[in-house]
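Worksheet: one structure, shown below.
No value in this document is a laboratory result; all are computed from the given coordinates. For clarity, every value in this text was computed on a predicted model and none was experimentally measured. All Cβ positions, glycine included, derive from the backbone under ideal geometry; neighbour counts span all protein chains shown.
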Amino acid sequence: MIPTYAFLGSLLIAIVIGVTKTVLAAGHPVAVVAPASLAIQSIAVRSAAVPAMAVPATTAVSLWLLLQVFSNGCTAMTGVEAVSNGVRAFREPTVRNAQRTLTVIIGFLIILLAGIAYLVRAYGIQATDPGLPGYQSVLSMLLAAVAGKGWFYYFSIGSILVILSLSANTAFADFPRLCKAAAQNGYLPHGFGFRGRRLVYSEGIWILAGLSAILLVIFGGVTDRLIPLFAIGAFLAFTLSQAGMVGHWARKRGRGAFQSMAVNGLGAAATGVTLVVVLVAKFKSGAWVSVLLIASIMCAMLWVRRHYDEVAVETKLTAPLKVESLGAPIVIVPIQSWSTVTQRAMQFALTLSPEIRAVHVLMEDETSTLQDQWCRLVESPVELAGGTPPSLVTLASPYRLVIRPILDYVLETESKNPGRQIAIIVPELVERHWYHYPLHNQRAELLKAMLLVNCSRNVVLINVPWYIRV
């Protein structure tokens, strides 16, 4: 609240001071700090030398300049949609409080825009190119011309900087909610619809932060160049929402429906014309990027919705649970050596099925120690307990590959046992500290990834972790 009041207060005070000086000076105030000169006189001299037959070209340039000014000015009207998007955040009565807030915002917009436009003309202030050295914003030149570059100037510029930074809250508050609505309708990944630990839609915030950073880098940090992208998206949304309300009132029909339809129709027409003007006037300045992005985003959202629809059709089931033809699976346990990790995996495997195959990859220079001790370590204890002992399958690997031989064996077993479930139990060390992670090979993670990608639905992947205590 404090930065907002500081911003409004400083600009209103500057407008009052400037208007007072302008009235007392009969419309020709003297600037405390003269604004940057753009060599208007030299342009006027060159214009005077233009022959009479070139007047239509000058008129065309003036019309084009008018379109550009109109498109730039329209962006100042955006932002008020934040009130309608956040009606639920207001206190009761929410609708009336939102209407009052919107009225106050529009009132301040009218006063600020009218006052700034009047003073800019009175003091002869002209905008400078943000891409050139010595650039100053119109507000900076206006404040310096009205009150000089004292403490009031720096206080006002500071409040403008802070309020511009805080204005990003609008996007970071509304964009995640918009993504949530699209995700709930199946047009964005479902993750956008879940709240994070801070009770906000975290994925939408992270995506917006990343995309904003990319845009700032691409456009060199000059936010003026982002105006076409912002204006196209904003006025397209306005036009679609107003047109949607026209359709809503047409379907609802009732008392006051015709008047509401007329108001929304007028809004759709006004924002639609503005959209066309901004698109034409700013097409070469970057509006084409918005057109390309909007088309790409729409295609991506339709693809996401189609994917979810296909998944829903494929996984839909109304029949009761099938319990016939259920049998114990073939259990495959990849093991590197005999250890507590391997023992836990084998113990769990014995609870699932009597048909267990321990798969060991034998390197070219490795001795068959595990094969020699398998009877004593595994087979004999299981037989004494009255169970079926697991078999040991040794895979030769002359090129010192580990993952590929196991994957090939699983695929071969799957092809020889069509319709039979195969359970892959992967024993895995789980590090207690992050700095232990690079000290151990991560073959288990890679093996699981390869199995998930290459195997069919008959293969079940089971992870048996062993948590390191040290």
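Assorted remarks:
- Scanning the chain for trypsin sites (Lys or Arg not before Pro) in DSSP loops with at most 15 neighbouring Cβ atoms within 10 Å leaves 1-90 as the longest stretch between them.
- Zone of T388's modelled label, taken as backbone nitrogen in the stretch 406-424 under 20 Å from a point 7 Å along Cα→Cβ: 410-424
- Measuring nothing but how far apart in sequence close Cα pairs (under 8 Å, 6+ apart) lie, relative to its length, the chain scores a relative contact order of 12 percent.
- Candidate lysines - alpha carbon under 28 Å from K149, same-chain residues fewer than 8 apart omitted: K21
- Taking the fewest neighbouring Cβ atoms within 10 Å as the starting point, the ordered list for E412, E81 is E412, E81.
- Dipole magnitude for the chain: computed about the Cα centre from +1 point charges on Lys and Arg Cβ and -1 point charges on Asp and Glu Cβ, it is near 2040 debye.
- Going through (1) 1.01; (2) 1.18; (3) 0.95, the figure that equals Rg/Rh (Cα atoms, Kirkwood Rh) as computed for the structure here is (2).
- Residues of type lysines that K316 reaches as a straight line, Cα spacing below 28 Å, ignoring anything fewer than 8 places off in the same chain: K180, K448
- Taking the longest Cα principal axis of the chain as reference, the axis of helix 151-166 is set at about 40 degrees.
- Pairs of alpha carbons in the stretch 312-442 whose separation is greater than 17 Å (percent): 67
- Every helix of 4 or more DSSP H residues in the chain counts as -39500 (n - 2.57), and over all residues that averages to -19500 deg cm²/dmol at 222 nm.
- On Cα atoms only, tilt of 94-123 relative to the major axis of the chain in degrees: 50
- Average Cα contact separation per residue, the stretch 144-257, under 8 Å, 6 or more apart, as relative contact order %: 13
- Ranked by how many other Cβ atoms sit within 10 Å of their own Cβ, fewest first, the residues Y135, Y435, Y409, Y201 fall in the order Y435, Y135, Y409, Y201.
- Nearest 10 degrees, 0 to 90: helix 340-350 Cα axis against the chain principal axis: 80
- Counting other Cβ atoms within 10 Å as a rough exposure proxy, the listed residues T170, T239, T4 run T4, T170, T239 from fewest neighbours to most.
- For the chain, with +1 on Lys and Arg beta carbons and -1 on Asp and Glu, the positive-most of P93, Y308, A237 along the dipole: P93
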